[in-house]
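These notes concern the structure reproduced below.
The values are calculated or read from the model by the stated rules, or taken from the named source; none is laboratory data. Note that the structure is predicted; figures quoted are calculated from it, not measured. When we count neighbours, we look across all protein chains shown, and the Cβ atoms used for this are built from the backbone with ideal geometry, even at glycine. Ligands, DNA and RNA are stripped out before the accessible areas are found, and what is left, the full protein with its side chains, is counted by its heavy atoms. Shrake-Rupley method; radii C 1.70, N 1.55, O 1.52, S 1.80 Å.
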Amino acid sequence: MKRGSFAAGFLTCLLLAGVTTTAYAAGIMAERSTHRIFVDGREVQMEAYRIKGNNYVKLRDIGEQVGFNVCWDSNTKCVQVESKKPYTGEAPVTSAEAKPVEQPAQTDVAAAKQDIIDRTNALRCENGVAVLRVNDKLMQAAQVRADEIAASGVYSHARPDGRKSNTVTDSKYTGENIHSISELYLEQQRKTLSEAVVNLWSNSKSHADNMTSSRYGEIGVGLARGINQNGLDCWYCVQVFLLDGCEVTWVDTPASK
């Protein structure tokens, strides 16, 4: 339900269920109501009173259920309603009171790459497949692919100049997984980069097939920070696989549009 239509929807969703308490103040009779209250079809619990046939609830309770902030500002001695902010019940911090913003910990890229390899090999073990060996050339190739995607914005298995992804090495016997993960997603899911990307790849058949294929014997992983199509800070993640028994002797430089 849109916030603008809440009042009308709120009143029409009240169903009479009886009266339990009566109070008097300045000649006004207020009756404790047990009307059922629904928000977007979901029943919620809010304390309500009936006065002269109308139902009254606390604005703070409405804000908490619908999703806007209501708070008491001790400086201005008034109630503040912040329609574009989620409910916290706390007054906004003024610039004078503002605390330094804690910067998020920088991702340890080397550790994240190794964790992606370890999680991939754990998945292979679960499927009865031999683990992948880390190949330095493939690590370089995967990083080239991650860097060129981040720099060009061309999020595709085709390289920014139109060539196929396997032209990043001198071997045609490679496979590739790519993924873009926003830092906002990681924050919301409370997951590490390596945990999130392997989980997402695992839930996609084509990506999972690459990770668990017995044809592949070696792996490389690349990670690069960039901006996604929605303008959010993100990580571009790349896995490059090599068919067992094949060899890579040369790695290309990042391509551009």
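As a test question: what accessible area, to the nearest 10 Å², does Met29 have when a 1.4 Å probe is rolled over all protein chains in place?
Number for this one is 80 Å².
So for each of 179-187, 247-255 I average, over its residues, the number of other beta carbons within 10 Å; can you give me the resulting order with the highest mean first?
Ranking the peptides 179-187, 247-255 by packing returns 179-187, 247-255.
Averaged per residue, what accessible surface does the range 118-257 expose to a 1.4 Å probe, in Å²? Mind dumping the intermediate values first?
Values: 6980 Å² over 140 residues.
Dividing the accessible area of the range 118-257 by its residue count gives 50 Å².
What pairs from Lys164/Lys191; Lys137/Lys164; Lys172/Lys205; Lys191/Lys257; Lys164/Lys205; Lys172/Lys257 go past 25 Å between their alpha carbons?
Lys164/Lys191; Lys191/Lys257
Tell me the Kirkwood radius of the range 163-248: reciprocal of the mean inverse pair distance over distinct alpha-carbon atoms, in Å.
One decimal place: 13.9 Å for the Kirkwood radius.
For the range 104-257, just the Cα set please: Rg and Dmax, both in angstrom.
14.6, 42
What distance in nm separates the two pseudo spin-label positions at Thr192 and Ile227, each 7 Å out from Cα along the beta-carbon direction?
Rounded to a tenth, the inter-label distance reads 3.0 nm.
Report, to the nearest whole %, how much of the accessible area of the range 140-206 belongs to carbon and sulfur atoms, 1.4 Å probe, protein only.
Reported share for carbon and sulfur atoms: 48 percent.
Heavy-atom accessible area of Tyr49 with all protein chains present, probe 1.4 Å, nearest 10 Å²?
Rounded to the nearest 10, the figure is 70 Å².
For the ranges 216-227, 127-138, what's the packing order if you count other beta-carbon atoms within 10 Å of each residue, average per peptide, and put the highest first?
216-227, 127-138
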